[in-house]
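Visitor: The structure is given below, and queries will be raised subsequently.
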Amino acid sequence: MNEPQPIPRKVPDYMRKAGGFMFWTGAMVSAVFLYEVVTGLILLFYYEPSNAYNSTEAFLNTVPYGSIILTTHLYGAYAMIVLVYIHLLRNLFVGAYKKPREMQWLSGILLLLLTIGVGFFGYSMSGDVLSSDATDVGRGIAGATPVIGQYLTALFFGSGTQLSLFHRLLAWHVVLAALIGIVFLAHFFLAEYNTIMPSGKDSGERAPAIDHDDGTYKQWYPYNLMYMLQIVLYTLGIIVVVPSILAVVPNVPALFSPFPQVSATSPLAMSVPAYPPWFLLFIYKELDFQFAQGLGPFYATVFFAGLPLAYLVLLPYIDTKASLKLVDRPITVSFAVIGVIYLAILSAWGALEPGIAIANTVVVLFYLVPLFVVPAIVITLSNAIKTGRLKNPYAGGIVLSAAFSGVTAFGLGMIVVSAKGNYTPGVIAGLSIVGLLFAISLLFAVGLFTGMYPPSVRKEPVPVSKNTYVAYSSVLGIVSIVILFEMLSMPFGNVYDQSLYGIGLGFLFIIGGVMIRLYRGQFYNE
Amino acid sequence: MAGNEREEQTPPDASRRNFIKIMGIVAVGAGALAFLRGGIQNIIPPSGPVLSGFPSMKLVDATGKAISTNSLQVNNPEIVTFDYPLLNEPNFLLRLGDSNNKDVAINPVSVTIPLTGGKFTSPGGAGPYKSIVASSAICQHLGCIPPEIRYHTFTSASFDGKIHCDCHGSTYDPFEGFKVVTGPTQRPLPNVILSHEGSDPDSDEYYVKSLVGPVIYSHTSDLSGGNPLPSTTETTVTQTTG
Ligand code: FES
């Protein structure tokens, strides 16, 4: 199917242009995964399943740089989950699940499951209140599995003693991480084999979309390598900077705090609301539904998480049409948007109202409204575009931003309905964030639709003089030396000092990325 | 292709290019260096003392209630231990009695360390009957912990009245400052110094003060080489069936 080409393959220039980063979501996931493996192996030296909570706290407080490693390991995991979702959505929207990439898609779904699984076990390992809440939910679901429930519980959570619990959590965390590594290799080599998903212009928006080197592709080395290094450095910079900043900011909510909470056995544990990790909040919220409580945790999970999963697995075999155009796939697009709505709102809901039972009427409203409204909007818009009644070069963007503003409007409604007039600070915060997103996406959709945005006259890039590049790079070089010097001369002390070290480290990574960008701009003409 | 040709045809700005290259390497190198420094310093476990001195800790049960004289059984066949001074460092807590389960008063004795020939003074028993003693429960031979090493009461079939380690057969005598009875161990068990407060055997309290004798097995100092206990003021006594 593909002309023999050396691996790693050369890729088209547009992948390295501005906006080309959407072609590199997989690379970002891999970068984070690598970081997680390195920090995870370091943590493995110190973790004691017999003293899960105390050894975690001791690592945090007494081991040099322990706090950077622990907090960035946690935030790296968060970043990996978010990026995996973004990677999935991107490939869903461009139709990358279609021929010949079915296997890539399926291995990707497997990787999503493994990533969430590894995150769940890792999150549970610290032994703090949140982790024991998470373990309890997991235990509840596993234990309610018909026939094999008790074996599953023993398999994943041990014989019931704390020691066997944390030993198992550690084992599963490492085993699943190793599995991710193996499946990732398959996923990656399939991607090399099937080539990158070419841009719509190149593929004519028809499957099978294969990328062909038309002779103009630049060498993999150094062009691609440098670009990848740039992306990796940015990604690492962000996952190091964010938790380090959160570590010095006071009053970070428990759900996003980079530190473990109080021990599950401490009397203070009562004061911390029972949250699972945020990436499982949606399952947690579903278990609060009135009729889900009738079903029991196992069937509720099978129903709520299993259905979307089955849909994703079957998607390459349902949507077999050759067209990759969004307007030719209104149903797939609608389902993707609906999925995002459910996921986002359930998660926010779980965070704002943990463990509060939800009446059947609200549940039905929540599920049915998007199910009818979104496809109606998407299909109408797609037809309008297809029949030419709506001519707009930004049609795809309009559909997406309109759908997104629908999502947020619906979210606003749900928050108002479920708040029942009780406006706590949490509800207000939720309302304002979702409201802001709604306003932005609506403005964006209207702007695109009326042609006000983006301005039709594209600005020619101002040629930057070569000396400017030199000036920039020397400034950045000096700044990085100064940061390094500060970091090395800083007294090694408490968690606060370490967080400053982390912030410095993150900025060094980001500066490194910017330098590569400058170098590419100047000498690769990119 | 356009980019390639441009580079090949125009004379390369060698010095500019090298300058930016060097600056780039400096920036990326600084990041790598900072990361490596943190990482390497991290995987070397902190060797300095975790504690600045022996903490005084109240002995409590799992519910946080103080251990009183009468909550300890004379000649208890179960294994009763508490962690001190760091996590995962078990110590025996024994209420010694004779074959009629009568408390036996333990007097301070001088104990010899066969390995070095040195001596130390064992504190003797604490409590109203001077019958409560404690020692490290980590075997001084190769570090076995309970249940391999344990106290055998007078009703046991063998080693009665002795602490015996099943790993390689070391035997210690708790009545004589945990001195070595038989090898292969060359060092007695480190003795725990207890203090007793109160006079009512149902509501009195015991405090762990410090250790005397050899250093806990495999440690360079009793106060380093582990993680601190969750509390700085009390340690929990647990009982397990051996
Ligand atoms: S370890 Fe106890 S006798 Fe060898």
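Okay, residues lined up against (1) basic (Lys, Arg); (2) closer than 30 Å to residue A:209 by Cα; (3) in contact (Cβ under 8 Å) with a residue 40 or more places away in the chain:
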residue: A:323; (1), (2), (3): no, yes, yes
residue: A:327; (1), (2), (3): no, yes, yes
residue: A:333; (1), (2), (3): no, yes, yes
residue: A:337; (1), (2), (3): no, yes, yes
residue: A:340; (1), (2), (3): no, yes, yes
residue: A:350; (1), (2), (3): no, no, yes
residue: A:357; (1), (2), (3): no, no, yes
residue: A:360; (1), (2), (3): no, no, yes
residue: A:367; (1), (2), (3): no, no, no
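Visitor: Please tell me if residue B:104 is open to solvent by less than 20 Å² (accessible area, probe 1.4 Å), away from the ligand (no atom under 16 Å from the Cβ) and either touching a residue at least 60 places away in the same chain (Cβ under 8 Å) or within 14 Å of chain A (Cβ to nearest Cβ) (or both).
Guide: On the way: open to solvent by less than 20 Å² (accessible area, probe 1.4 Å): no; away from the ligand (no atom under 16 Å from the Cβ): yes; either touching a residue at least 60 places away in the same chain (Cβ under 8 Å) or within 14 Å of chain A (Cβ to nearest Cβ) (or both): yes.
No.
Visitor: Which members of segment B:140-164 meet the condition of being under 15 Å from residue B:96 (Cα atoms) and part of a loop (DSSP other than H, G, I, E, B)? I'd like the intermediate steps shown before the answer.
Guide: So in segment B:140-164, the residues under 15 Å from residue B:96 (Cα atoms) come out as B:150-156, B:159-163.
Once the filter is applied, which keeps residues that are under 15 Å from residue B:96 (Cα atoms) and part of a loop (DSSP other than H, G, I, E, B), segment B:140-164 yields B:153, B:154, B:155, B:156, B:159, B:160, B:161.
Visitor: Does residue A:478 satisfy the criteria of being more than 11 Å from residue B:24 (Cβ to Cβ) and out of contact with any helix residue (DSSP H, G or I) (no Cβ under 8 Å at 6 or more places or on another chain)?
Guide: Numbers: more than 11 Å from residue B:24 (Cβ to Cβ): yes; out of contact with any helix residue (DSSP H, G or I) (no Cβ under 8 Å at 6 or more places or on another chain): yes.
Yes: the conditions hold for residue A:478.
Visitor: Can residue B:41 be described as polar (S, T, N, Q) and at pLDDT below 85?
Guide: yes
Visitor: Being exposed (fewer than 14 other Cβ atoms within 10 Å of the Cβ) and among the hydroxyl-bearing types (Ser, Thr, Tyr) is the requirement here; does residue B:155 meet it?
Guide: Values: exposed (fewer than 14 other Cβ atoms within 10 Å of the Cβ): yes; among the hydroxyl-bearing types (Ser, Thr, Tyr): yes.
The answer is yes for residue B:155.
Visitor: Determine, yes or no, whether residue B:89 is within 14 Å of chain A (Cβ to nearest Cβ) and more than 14 Å from the ligand (Cβ to nearest atom). Reasoning before the result, please.
Guide: Working: within 14 Å of chain A (Cβ to nearest Cβ): yes; more than 14 Å from the ligand (Cβ to nearest atom): yes.
Criteria met by residue B:89.
Visitor: Just checking, which of A:247, A:292, A:300 is in a helix (DSSP H, G or I), over 26 Å from the mean Cα position of the chain (by Cα) and over 30 Å from residue B:64 (Cβ atoms)?
Guide: One residue alone meets the criteria, A:292.
Visitor: Could we say that residue B:225 is of a type in the set (Gly, Ala, Ser), open to solvent by less than 60 Å² (accessible area, probe 1.4 Å), at positive phi and at pLDDT below 90 here? Please lay out each step first, then the result.
Guide: Numbers: of a type in the set (Gly, Ala, Ser): yes; open to solvent by less than 60 Å² (accessible area, probe 1.4 Å): no; at positive phi: yes; at pLDDT below 90: yes.
For residue B:225, the condition - of a type in the set (Gly, Ala, Ser), open to solvent by less than 60 Å² (accessible area, probe 1.4 Å), at positive phi and at pLDDT below 90 - is not met.
Visitor: Same structure again: Residue check, residue A:85 against (1) part of a helix (DSSP H, G or I); (2) within 14 Å of chain B (Cβ to nearest Cβ), all met but one. Which one?
Guide: Going through the list (1) part of a helix (DSSP H, G or I); (2) within 14 Å of chain B (Cβ to nearest Cβ), residue A:85 breaks only (2).
Visitor: Moving to a separate point now. Only residues in segment A:498-523 that are facing chain B (nearest Cβ under 7 Å) count as the first member; pair them with residues that are basic (Lys, Arg), Cβ under 9 angstrom, at least 6 apart or cross-chain, and list the lot.
Guide: A:519/B:17; A:519/B:21; A:522/A:466; A:522/B:16; A:522/B:17; A:523/B:16; A:523/B:17; A:523/B:21
Visitor: Under 30 Å from residue B:45 (Cα atoms), assigned to a strand (DSSP E or B) and either in the same structural domain as residue B:127 (by TED's automatic domain parsing) or away from the ligand (no atom under 16 Å from the Cβ) (or both): is that true of residue B:237 in this structure?
Guide: On the way: under 30 Å from residue B:45 (Cα atoms): yes; assigned to a strand (DSSP E or B): yes; either in the same structural domain as residue B:127 (by TED's automatic domain parsing) or away from the ligand (no atom under 16 Å from the Cβ) (or both): yes.
Answer is yes for this residue.
Visitor: Answer yes or no: is there a residue in segment B:132-139 that is more than 12 Å from the ligand (Cβ to nearest atom), open to solvent by 30 Å² or more (accessible area, probe 1.4 Å) and not in a loop (DSSP other than H, G, I, E, B).
Guide: no
Visitor: For residue A:157, only one of the following conditions fails: (1) of a type in the set (Phe, Trp, Tyr); (2) free of Cβ contacts under 8 Å to residues at least 40 places away in the same chain; (3) open to solvent by 60 Å² or more (accessible area, probe 1.4 Å). What is its number?
Guide: (3)
Visitor: Output the residue which, of all residues in segment B:146-182 that are among the polar types (S, T, N, Q) and closer than 16 Å to residue B:77 by Cβ, is farthest from the ligand (Cβ to nearest atom).
Guide: Taking segment B:146-182 and keeping what is among the polar types (S, T, N, Q), we get B:153, B:155-156, B:158, B:170-171, B:182.
Next cut, closer than 16 Å to residue B:77 by Cβ only: B:153, B:155-156, B:158.
Numbers: B:153: 19, B:155: 23, B:156: 17, B:158: 15 Å.
Ranking the qualifying residues of segment B:146-182, first place goes to B:155.
Visitor: Here's a follow-up. Spot the failing condition for residue B:201; the list is (1) of a type outside the set (Lys, Arg); (2) open to solvent by 40 Å² or more (accessible area, probe 1.4 Å); (3) over 18 Å from residue B:115 (Cβ atoms), and only one is missed.
Guide: Condition not satisfied by residue B:201: (2).
Residues are listed down the side, and each one gets a yes or a no for (1) in a helix (DSSP H, G or I); (2) under 24 Å from residue A:354 (Cβ atoms); (3) open to solvent by less than 20 Å² (accessible area, probe 1.4 Å); (4) of a type in the set (S, T, N, Q):
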residue	(1), (2), (3), (4)
A:100	no, no, no, no
A:109	yes, no, yes, no
A:115	yes, yes, yes, yes
A:137	yes, yes, no, no
A:146	no, no, no, no
A:169	yes, yes, yes, no
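Visitor: Which one of the conditions (1) closer than 21 Å to residue A:90 by Cβ; (2) without any contact (Cβ under 8 Å) to a residue 40 or more places away in the chain; (3) of a type outside the set (Asp, Glu); (4) not in a helix (DSSP H, G or I) does residue A:388 fail to meet, given that it meets all the rest?
Guide: Condition (1) is where residue A:388 drops out.
Visitor: Quick one: would you say residue B:185 is more than 14 Å from every other protein chain (Cβ to nearest Cβ), buried (at least 17 other Cβ atoms within 10 Å of the Cβ) and either in a strand (DSSP E or B) or within 16 Å of the ligand (Cβ to nearest atom) (or both)? Walk me through how you get there before you give the answer.
Guide: Details: more than 14 Å from every other protein chain (Cβ to nearest Cβ): yes; buried (at least 17 other Cβ atoms within 10 Å of the Cβ): yes; either in a strand (DSSP E or B) or within 16 Å of the ligand (Cβ to nearest atom) (or both): yes.
So residue B:185 fits the description; yes.
Visitor: Sticking with this one: Tally time: how many residues in segment A:227-255 are among the polar types (S, T, N, Q) and open to solvent by 20 Å² or more (accessible area, probe 1.4 Å)?
Guide: The qualifying residues number 1.
Visitor: Let me ask something else. Evaluate the following for residue B:128: is it open to solvent by 40 Å² or more (accessible area, probe 1.4 Å) and touching a Leu at 6+ places or on another chain (Cβ under 9 Å)? Walk me through how you get there before you give the answer.
Guide: Working: open to solvent by 40 Å² or more (accessible area, probe 1.4 Å): yes; touching a Leu at 6+ places or on another chain (Cβ under 9 Å): no.
Against the criterion (open to solvent by 40 Å² or more (accessible area, probe 1.4 Å) and touching a Leu at 6+ places or on another chain (Cβ under 9 Å)), residue B:128 does not qualify.
Visitor: Sticking with this one: Which is assigned by TED's automatic domain parsing to the domain that holds residue B:212, at pLDDT below 90 and either touching a strand residue (DSSP E or B) at 6+ places or on another chain (Cβ under 6 Å) or under 15 Å from residue B:105 (Cα atoms) (or both), of B:134, B:157, B:126? Before the answer, list the steps.
Guide: Values: B:134 fails: at pLDDT below 90; B:157 fails: either touching a strand residue (DSSP E or B) at 6+ places or on another chain (Cβ under 6 Å) or under 15 Å from residue B:105 (Cα atoms) (or both).
Being assigned by TED's automatic domain parsing to the domain that holds residue B:212, at pLDDT below 90 and either touching a strand residue (DSSP E or B) at 6+ places or on another chain (Cβ under 6 Å) or under 15 Å from residue B:105 (Cα atoms) (or both) holds for just one of B:134, B:157, B:126, which is B:126.
Visitor: Still on this structure: So, in segment A:308-350, how many residues would count as being surrounded by fewer than 20 Cβ atoms within 10 Å (Cβ to Cβ), part of a helix (DSSP H, G or I) and small (Gly, Ala, Ser)?
Guide: Within segment A:308-350, residues that are surrounded by fewer than 20 Cβ atoms within 10 Å (Cβ to Cβ), part of a helix (DSSP H, G or I) and small (Gly, Ala, Ser) number 4.
Visitor: Quick one: which of B:217, B:206 is within 16 Å of the ligand (Cβ to nearest atom), at pLDDT 85 or above and either in a strand (DSSP E or B) or open to solvent by 20 Å² or more (accessible area, probe 1.4 Å) (or both)? Spell out the reasoning first.
Guide: Working: B:206 fails: within 16 Å of the ligand (Cβ to nearest atom).
The unique qualifying residue is B:217.
The values are calculated or read from the model by the stated rules, or taken from the named source; none is laboratory data. Computed from a prediction, not measured in an experiment: that's the story for all the values here. Note that we place each Cβ from the backbone using ideal geometry, even for glycine, and neighbour counts take in every protein chain shown. Accessible surface is based on the protein model in full, side chains and every heavy atom, while ligands, DNA and RNA are left aside. Shrake-Rupley method; radii C 1.70, N 1.55, O 1.52, S 1.80 Å.
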